[in-house]
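Right, one structure below, let's go through it.
The values are calculated or read from the model by the stated rules, or taken from the named source; none is laboratory data. Just so it is clear, the model here is predicted, and its values are computed rather than measured. Here the Cβ positions follow ideal geometry from the backbone for every residue, glycine too, while neighbour counts run over all protein chains shown. Note: accessible area is taken over every heavy atom of the protein model, side chains too, but ligands, DNA and RNA are not part of it. Shrake-Rupley method; radii C 1.70, N 1.55, O 1.52, S 1.80 Å.
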Amino acid sequence: MTATTSQNRVPQGNTGDDTAQPRGHWKIDDIPYHRIDRAAIEGDEDLFYLLMSASFVETGSDTYAANLGEHYAQYPQISDWLVQEWEHEELQHGASLRRYVETVWPGFPWQQAYDSFFAEYSQLCTVEELFSDRRLEMVARCVVETGTTAYYHTLRELSHEPVLTQLLGHIRNDEVGHFKHFLAYFKTLQKEAPIGRTRIAGALYSRLKELRESDSDVALRHVFAHKGSLFCTPERKFEDVAQRIYHLVSTGLPADMAVRMLLKPLLLPPRLEGYLHGPISKLACKVMAY
């Protein structure tokens, strides 16, 4: 597909060198799964839930990528990147995490649990869920990538297993790259047809609130429902597990890094951005607290 008007064209090179696909991008075969120290990880109930949930969400990302590709079909450079690079990397995250969790917890019925998860999750992944204004959807994408960057950073800090630490570092770095792409595309669209900071701030806040009730909650429920004898404590309810997991993640999030990323779409002057960092940080922590 070729753009026919300047309104629908995203200029080549407008994203900048920092968003280009890095040379020598890591591959699943680069991860030494045979060196996993199972004794250091298999008894960690929190990471069991967090990693299983992440493997589900990342594996189902092709549905979301297709919707986004359709949403930005009139911008070929964006839609091509979404389908050819973003989707590929997200699916690689899912495959690499699946291989890790199946190595550490081979008794977990991963495919059966994932199929159950996806039957529900796929109903949430619709084009109608996206912002109709494509500039605001780019803002929302920046929020999501901020959340995933912070999430994988937190998981990496929780890890005491070297192979997992390496894997989570790769995924976190990919999410930073995705954020830079979405931010650069937003800047291009904003330059062509500017929208006010009030609308941008509204989209940021709206999507930030949704992070608490997003796909991760769906995934966690299906992990819990299929865990069988793993971490079996009969009196423990799902609500108790979820509360502990969410508290663990929210208290470990790198708030300073996340706020710096969240402020970027507002395109504020440096002095004003610095002034707002503190209040925004407090608001973000309050919204994400459990």
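Using the Cβ atoms and a cut-off under 15 Å, what net charge is assigned to the surroundings of Y33, where Lys and Arg are +1 and Asp and Glu are -1?
Neighbourhood net charge equals -1.
By how many nm would the segment from K237 to L266 grow when fully extended, if each residue of separation counts as 0.36 nm and the alpha-carbon distance is taken off?
Computed gain between K237 and L266 is 6.3 nm.
Trypsin sites (Lys or Arg not before Pro), restricted to the range 211-272: which are DSSP loop and have at most 13 other Cβ atoms within 10 Å?
Loop-located and lightly packed - R236, K237.
Within the range 20-158, what whole-number % of the accessible surface is contributed by carbon and sulfur, with the 1.4 Å probe and all protein chains included in the calculation?
C and S atoms contribute 47 percent here.
Taking only Cα atoms, what is the 0 to 90° angle, nearest 10, from helix 45-59's long axis to the longest principal axis of the chain?
50 degrees
How much FRET efficiency would the formula 1/(1 + (r/R0)^6) give for D115 and K27, where r is the Cβ-Cβ distance and R0 is 41 Å, rounded to 0.05?
0.95
Just add up the charged neighbours of W110: K/R +1, D/E -1, any other residue whose Cβ is under 12 Å from the Cβ of W110.
So the surrounding residues net to +1.
Multiply the residue separation of A39 and Q190 by 0.36 nm, subtract the distance between their alpha-carbon atoms, and state the gained length in nm to one decimal.
Value of the extension gain: 49.3 nm.
Note down the relative contact order for the chain as a percent, whole number, built from C-alpha pairs under 8 angstrom at least six residues apart.
Value for the chain: 26 percent.
On a C-alpha basis, how far is the centre of the range 199-272 from the centre of the range 81-114 in Å? Whole number, if you could?
Using only Cα atoms, the two centres lie 19 Å from each other.
Would you kindly work out the equivalent ellipsoid of the range 93-196 from its C-alpha gyration tensor and give its semi-axes, the square roots of five times the eigenvalues, largest first in whole Å?
The equivalent ellipsoid of the range 93-196 has semi-axes of 32, 20, 9 Å.
On full extension of the chain, what length is gained from L91 through S132, given 0.36 nm per residue of separation minus the C-alpha to C-alpha distance?
Gain on extension, L91 to S132, equals 12.2 nm.
Taking the solvent-accessible surface of protein heavy atoms with a 1.4 Å probe, what is the per residue accessible area of the chain in Å²?
48 Å²
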